[in-house]
1. Run residue A:252 past the list (1) touching a residue at least 60 places away in the same chain (Cβ under 8 Å); (2) in contact with a helix residue (DSSP H, G or I) (Cβ under 6 Å, 6 or more places away or on another chain); (3) outside any helix (DSSP H, G or I) and report the number of the one that doesn't hold.
2. So for region A:255-272 (the condition being touching a Lys or Arg at 6+ places or on another chain (Cβ under 6 Å) and either under 19 Å from residue B:207 (Cα atoms) or not in a helix (DSSP H, G or I) (or both)), does at least one residue qualify?
3. Residues B:153, B:136: which one is within 14 Å of chain A (Cβ to nearest Cβ) and farther than 18 Å from residue B:223 by Cβ?
4. Somewhere in region A:109-129, is a residue closer than 30 Å to residue B:85 by Cβ, without any contact (Cβ under 8 Å) to a residue 60 or more places away in the chain and small (Gly, Ala, Ser)?
5. Could you give me the residue pairs with C-beta distances under 9 Å whose first residue belongs to region A:186-211 and is more than 10 Å from every other protein chain (Cβ to nearest Cβ) and under 18 Å from residue A:127 (Cα atoms), whose second residue is assigned to a helix (DSSP H, G or I) and among the polar types (S, T, N, Q) wherever it lies, and which are 6+ apart or on separate chains?
6. Which condition number does residue B:202 fail, the rest of (1) outside any helix (DSSP H, G or I); (2) of a type outside the set (Phe, Trp, Tyr); (3) closer than 30 Å to residue A:220 by Cα; (4) within 14 Å of chain A (Cβ to nearest Cβ) being met?
7. Confirm whether residue B:169 is assigned to a loop (DSSP other than H, G, I, E, B), crowded, with 16+ Cβ neighbours inside 10 Å and not aliphatic (A, V, I, L, M).
8. If we keep just the residues of region A:219-241 that are within 10 Å of chain B (Cβ to nearest Cβ) and part of a loop (DSSP other than H, G, I, E, B), which is modelled with the lowest pLDDT?
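The values are calculated or read from the model by the stated rules, or taken from the named source; none is laboratory data. Note that this is a predicted model, so its numbers are computed, not measured. Cβ coordinates were reconstructed from backbone atoms using ideal geometry, including for glycine residues, and neighbour counts include every protein chain displayed.
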Amino acid sequence: MLHDIFYNPPKKTQYLISIIAVLSVVGIGLALHNLIGYRVVAFLLLVTVSILALFLEIVPVIIAAVLSALLWDLLFIPPRFTFAIGTTEDRFLLLMYFIIALIHAVLTYKIKQVQKEVRLREEKSKAIKFYNTLLNSLSHELRTPITTIIGATDNLMNAEKLSEKDKTELLSEISIASLRLNQQVENLLSMSRLESGILQLKKDWCDVGELVYTTLNRFEPAISNYKVSVFIPENLPLFKLDYGLMEQVLHNLISNGLQHNAEGTDLVINVDCVEEKLLITISDSGKGFPEKEIHKVFDKFYRVQGSRSGGTGLGLSIVRGFIEAHHGTVTLANLPLRGALFTIEIPTEISYINRLKNE
Amino acid sequence: MNSASILIIDDEVQIRKLLTITLESYNYHVQAAVNAKDGLTAVANHPPDLVLLDLGLPDESGHEVLRHLREWYTHPIIILSVQSTEEDIVKALDNGANDYLIKPFRTGELMARIRSALRKAATDENNSTAEFGDLVIDYAARIIKKNGAIIKVTATEYSLLALMAKNEGKVLTHQYLLNQIWGTSYTNESQYLRVFVAQLRKKIETDPNRPVHIITESRVGYRFVAK
């Protein structure tokens, strides 16, 4: 706030500030000039113009310089209350006053220009770094499946040399690669929806139990190799949520759990309504996240060091984006013994209509 | 065996080729059109038994084609689309599309939808009872049986299930179901629909958490499937 007021006040305010500052100092000068003499008043005014030059733009500063020079001449230089100047010395002094004030204005202006350029360059290099990470991640995660598809089809076109078993295997590689490619594209589209700011929630009443099971069922058959338990209270109310976005949130969290944990790991999903908020927790009994990196997992393109391939590092940042779009929070913590715990909290409208006995 | 004819309207040559080869291998007669104009002409000249319509055509929007076709063409139309916004899908379903598939889709899914749409078109008679795998609905007596045993349902539950069953395989939008069962003043009261679907699933599904009859179509509606 302070920063805004000092560095970027609107034009009109800038003019006002410079005029008021000069007039105030002139007032002080008038009150004190018997004690300090008119030349010290010139220094006071010069200091004022210099201070103004620190945080105002060039035109208001020049106005302050001109105004203060004129007022000094009119009100202080003998003969007072005329623009006439009695001595050559004073004429010289006024000219010097004017030049110094102008130099101040111009120098400050130049310094500000340089600062602006430095800031722009920093932003640019940040953006370049961001796009490099994006490109690295993308070129790996998109090119790997594409390479698989191209290579496998090339092989299949020279099919005489291949056994039936090899053919089946190549076909299944193509299938896996294209599904993986599709998932990456899906994530990229979600991310660009988030980044572009066009994401609009379409909230409707959701049966969160149905949402959880629908999402889980999409992971068949891979998920049957994990020990999945779901806890949903019988009388859970309906919540107003964007079904599509929440489906993707759960999909990404479950997919994350499957990707980072060996088969046979426990996966526990809990849904509840606590203090009028929707609470979803997803925990596993795997090895958890490196404690030092936990605060980074929701960042774009973050991937746990040495993690298995198959992710762009977008999944969890999409989770956070979609949850925040619901004004909710998502956190990650390691469990005391083993495994990780994701906690989602969303404040939203709830309806207990399902508790009423119908008809 | 299958001699049904299918018209593909899609501007992407790869999709047309893929669909032609796939459908011909299932013994369908296949025609293909590359844009809206050719598609409309093809339907008029040789009305097919089913149309696969892409929404993103170069000369005219697929929604327009759908609107033109539905002025006189009564056979099933299945929408293929890369635009997965639910507004688009709901609009197409409201304009008379029977079903939709979002690219990329699996061949198995496509064939199941085509079969279901064609079967529906063939058996549209007013049978008094209908069988859907383990479920039997007696429309005359307003009775639902699962594995031979009568299931007790309320009047609203029955109306909802009967409406979905009569549109087997077709996606019914939330708004349509609310309008039909509860009336137009309930169009935005989707919580009723959620509650009644959950109750129905508890009664008719073997595992309500893995429904095989009442399938959720995210953000769009529900689809009743015989299994």
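1. Result: residue A:252 passes all but (3).
2. Checking region A:255-272: at least one residue is touching a Lys or Arg at 6+ places or on another chain (Cβ under 6 Å) and either under 19 Å from residue B:207 (Cα atoms) or not in a helix (DSSP H, G or I) (or both).
3. When all the criteria are applied, what remains is B:153.
4. Taking every residue of region A:109-129 in turn, at least one turns out to be closer than 30 Å to residue B:85 by Cβ, without any contact (Cβ under 8 Å) to a residue 60 or more places away in the chain and small (Gly, Ala, Ser).
5. Sorted first by the residue in region A:186-211, then by its partner, the pairs are A:191/A:317; A:194/A:317.
6. Exception for residue B:202: condition (1).
7. For residue B:169, the condition - assigned to a loop (DSSP other than H, G, I, E, B), crowded, with 16+ Cβ neighbours inside 10 Å and not aliphatic (A, V, I, L, M) - is met.
8. Step by step, filter region A:219-241, then rank; the result is A:220.
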